[in-house]
Amino acid sequence: MWGKSLRAVAVLAVLAIAAAACSKPASRGANGTVNGSSNHLPGTPGLATPGATAPGATLPNGQPASGNYTTSGSGTGANGSSPLPTEPGLNSSYALSVGQKIYPVSTSRGPKPYYPGVGDNTIQLDFAYDINACGVNVIDAITAAGGVLPSPTQFYRAAPTNQQQFDSDSNESIALMVRYWNDHAFDTAAYLPHIRPLMGNDPANQFFGRHLTYKIIDGGSNQCPDTTKAAAIQAAEEDHAFAVYNNFSSDGDSSTTAYNMAADLNTVAPNTRPMHFGTLWMSDSIYNQFAPYAWTQFATGTTVVNQLASYICSKLVGGKATRSQSYPGSTRRFGLIHSNQPQDAVMISDFKAALNRSCAGKGGAGIIAKEVSYDGTDFTNAQRDDTNLIVQMHTATPPITSIIQLGDPVQSLFQVDDASAQRYWPEWIFGSYGYEDSSTVQRLWDQTEAKGDFGISSLGVPGGFGFSAGDPFWMYHAYHQTAPDGKPCDPTSEAGMDHGQGTNGAIANYCKAPTLLQTWYYAMLPSVGGLLFAGPDLTPQNVSTGLQRFPETRYGGNGPTDDPRPALVGAGPGKYGFIVDSVEWRWRPEFKSPAPEAKAGWVEYPDCQRHYVLWPNQFSPGWSPADPPFNAWCGAPGTDYPRTLPSDGQH
């Protein structure tokens, strides 16, 4: 079973998504370090050493901490240090123009007692992930079977090869994020002139006189929902957390874990319920059910499937399956793959409703000739389902030419390998679900099969197909500028990051960021904006109101921008996701991404990088046929290689 697709493990902990979000570190030029409760790396006060434990911390089982768990901490203080590096390309004037439109929801603290998790000078956060690897441990099992993990990049370490490394990288990433935001809330608020004066001037308490504290709890995975439920109860009743976070790459690459956590938190009384961040691709109806407590960092599932349906109905229905190597001359017959989990069932219902609207007169949801689901909880059952569902697609009469994939990336990798083994090469069509609209996932697939991959992405341009370091790295680099050998960690080259001691050497592992930081960063990012926008009276309602008022703007690798290519963000009233537009893409195995990544396999934008709210005619703001960008970003003549800018590689 495990030998079917050894590459599947590469998705775990390594999804390199440079995507849009609500708020981010807007400045890298301020001073500040931390004296916290955790152990220190050499030369970096306050940051937990990978594999080290915060003094006095306890493990989720109540035992004294030892070994490889950093379970709690704060990261507060204000000792001076050398200036932090400035990330290239920050558009400060544009960021300020956006910030001037943002006003705090509150201007003074509310009456005591404050909302649970909010103290006089603290804000308690809980970070949940599968500490004890319940059920099938995908990393250990595939590694034991000889799976090849991704090699380190110029900016990030290799993915963890066992649970101990996974825990260490998780704990290090969480400690780093909390430390960074405690150090740099003032810097971010420098772009929020209506908010910064309310925050005070205490560098140890930058969130309106408070600082972030945290605890790491065992949140289980989709394979052990009882563990998740126990974690939700702990967060609410014992830790009194203001917010709980899940991370897709720490949850077995399944969105079900975060859904289970949010659903379990939703059973807590409203006046004591923690907020939740880190759900992905859930229906708007579920977010409304959980309102105002739960948020996704990207587009909601309803937004994703509405856009996907409009794209399929306007551009694909009735056409030939030209990107299928098996059936290039056949009229498209569509299949649909998804998990059997309850939150996915709601999303699929949204998708069919959208097909009925967008394909009115063309068959509506009836364009789906074959629909098959797989077990989203039992990993072993899912493996059997993967083989069977591909057989059903392949042997349908007439065959399915074009598969709409709305499943998670691990199972989709197994499904693609099964298709290849059966010499079945359909078109694979994707929405912005499962991070499959990313170079990381597309490169893991059999590239003969991947020739038929295309769809839409809400992550912007380059988004999931980014080829630069990204914000998570720059956050890490802020505290890792000088290696233990006294030489600088220079991210302009591999040699500058490993000092000739190898890509997996001690210097490289110091200078390079943990891979898990990439997805943890985006899970936490919206909440940081919400903590600022809410103002001094910190409640879930004020956080959500503040996030929903964020002005509609494009948000790229360096923050708010007037560049038309990044994703358009702006939740709006009653919404609990940020990204509102999408762009068409096609995978090209023969392309090579630009520097600094420069890897085989990259993307094409067949529609000149044009952004849509809905296809075919609801263009995203700034992308109508009369707007300058409309024909300005077409690919190179003859090859369709995307147009890029030199600064794109500097983010």
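Before moving on, here are some points about what is shown:
- Matching option when the condition is more than 28 Å from Asp627 (Cβ to Cβ), free of Cβ contacts under 8 Å to residues at least 24 places away in the same chain and of a type outside the set (Lys, Arg), among Gly505, Gly530, Gly546: Gly505
- Consider the stretch 359-385 and keep the residues that are touching a residue at least 60 places away in the same chain (Cβ under 8 Å) and part of a helix (DSSP H, G or I). The one that is most open to solvent (accessible area, probe 1.4 Å) is Thr380.
- Residues (open to solvent by 10 Å² or more (accessible area, probe 1.4 Å) and within 24 Å of Thr539 (Cβ to Cβ)) located in the stretch 166-187: Phe186
- Considering the stretch 386-398, and only residues there that are open to solvent by 40 Å² or more (accessible area, probe 1.4 Å) and within 20 Å of Ala345 (Cβ to Cβ), the residue that is modelled with the highest pLDDT turns out to be Gln392.
- Arg332 buried (at least 19 other Cβ atoms within 10 Å of the Cβ) and of a type in the set (Lys, Arg): yes
- Enumeration of residues in the stretch 193-210 that are part of a loop (DSSP other than H, G, I, E, B) and open to solvent by 60 Å² or more (accessible area, probe 1.4 Å): His194, Asn201, Asp202
- The residues of the stretch 169-188 that are at pLDDT 95 or above and either more than 20 Å from the chain's Cα centre (by Cα) or basic (Lys, Arg) (or both), listed by number, are Arg179, Asn182, Asp183, His184, Ala185, Phe186.
- Residue in the stretch 399-430 that is surrounded by the most Cβ atoms within 10 Å (Cβ to Cβ), counting only those that are of a type in the set (A, V, I, L, M, F, W, C) and assigned to a loop (DSSP other than H, G, I, E, B): Ile400
- Of the strands (runs of 3 or more DSSP E) lying entirely inside the stretch 553-608, those containing at least 1 residues that are under 17 Å from the mean Cα position of the chain (by Cα) span 553-556, 559-561, 567-569, 582-592.
- Residue ID - nearest to Val461 (Cα to Cα), chosen from residues in the stretch 614-639 that are open to solvent by 40 Å² or more (accessible area, probe 1.4 Å) and under 28 Å from the mean Cα position of the chain (by Cα): Cys634
- Residue in the stretch 341-351 that is over 30 Å from Cys224 (Cα atoms) and either at pLDDT below 95 or not basic (Lys, Arg) (or both) present: no
- In the set Pro472, Pro462, Pro409, Pro399, only one residue is farther than 30 Å from Asp563 by Cβ, touching a residue at least 40 places away in the same chain (Cβ under 8 Å) and not aliphatic (A, V, I, L, M); that residue is Pro399.
- Taking the numbered list (1) open to solvent by less than 10 Å² (accessible area, probe 1.4 Å); (2) on the phi > 0 side of the Ramachandran plot; (3) out of contact with any helix residue (DSSP H, G or I) (no Cβ under 6 Å at 6 or more places or on another chain) in turn, Gly434 passes all entries but (3).
- Test for Leu538: is it surrounded by 21 or more Cβ atoms within 10 Å (Cβ to Cβ), closer than 27 Å to Thr107 by Cα and within 19 Å of the chain's Cα centre (by Cα): no
The values are calculated or read from the model by the stated rules, or taken from the named source; none is laboratory data. Keep in mind that what you see is a predicted model, and the values were worked out from it rather than measured. Because the Cβ atoms are built from the backbone with ideal geometry, glycine has one as well, and the counts that use them run over all protein chains shown. Keep in mind that these areas ignore ligands, DNA and RNA; they rest on the heavy atoms of the full protein, side chains included. Shrake-Rupley method; radii C 1.70, N 1.55, O 1.52, S 1.80 Å.
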